[in-house]
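Before any comments, here is the structure.
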Amino acid sequence: IGDSFLVVFRTAVDALDFALDVQERARTHPLKVRIGAHVGPVQVEEEDAFGSTVNFAARVEAMAKGGEIWLSERAKQDVAGEAAGRHAALAWRERPDCALKGFPGTQRLWSVSSVPGPAA
């Protein structure tokens, strides 16, 4: 997808773990990676995924700046429901009223940092 990657995971927790790992590895490089995650059904045909879930995830990713991880409300709820101990130190920042191109109304999104303490 241009200069992006679309990666599909079975769970939001798996996606978050991957995103945190990518960001941690990118810290030693000048490369700033932005990541967005959403949860929902996708259609796969001939090694390509598409549908409204894919479009929504792309809009979530577009809200992030370099070096940030953003999740949709649904992805955040799934992560919270899992209550994995390894996520206890994450710093979450609510991003209310985000307008996403092609989707009506506004959405509540979340940015997350692996650094404990207040989010920027």
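The values are calculated or read from the model by the stated rules, or taken from the named source; none is laboratory data. All of these numbers come straight from a predicted model, not from anything done at the bench. In this analysis, Cβ positions are derived from the backbone assuming ideal geometry, glycine residues included, and neighbour counts consider all displayed protein chains.
Observations on the model:
- Odd one out for GLU94, checked against (1) touching a Ser or Thr at 6+ places or on another chain (Cβ under 9 Å); (2) touching a residue at least 24 places away in the same chain (Cβ under 8 Å); (3) over 24 Å from ASP3 (Cβ atoms): (2)
- Positions within the stretch 18-32 being in contact (Cβ under 8 Å) with a residue 12 or more places away in the chain and more than 23 Å from SER52 (Cα to Cα), in sequence order: LEU20, VAL22, GLN23, GLU24, ALA26, LYS32
- Matching residues, the stretch 20-43, being hydrophobic (A, V, I, L, M, F, W, C) and out of contact with any Gly (no Cβ under 9 Å at 6 or more places or on another chain): LEU20, VAL22, ILE35, ALA37, VAL39
- One residue alone among GLY85, GLY40 is modelled with pLDDT under 95 and touching a Ser or Thr at 6+ places or on another chain (Cβ under 6 Å), and that residue is GLY40.
- Count - residues of the stretch 40-68 that are at positive phi and in contact with a strand residue (DSSP E or B) (Cβ under 8 Å, 6 or more places away or on another chain): 1
- Residue that is farthest from the chain's Cα centre (by Cα) [pool: residues in the stretch 14-56 that are over 13 Å from ILE69 (Cα atoms) and of a type in the set (A, V, I, L, M)]: VAL44
- Condition met for LYS101 (basic (Lys, Arg) and more than 15 Å from the chain's Cα centre (by Cα)): yes
- Test: residue in the stretch 60-81 that is closer than 19 Å to ARG95 by Cα, without any contact (Cβ under 8 Å) to a residue 40 or more places away in the chain and of a type in the set (A, V, I, L, M): yes
- Total residues in the stretch 70-97, condition of a type in the set (D, E, K, R) and within 13 Å of ALA12 (Cβ to Cβ): 5
- Of all residues in the stretch 50-69, those that are under 20 Å from VAL13 (Cα atoms) and among the small types (Gly, Ala, Ser) total 4.
- Tally, over the stretch 55-83, of residues that are within 17 Å of GLU24 (Cβ to Cβ) and basic (Lys, Arg): 0
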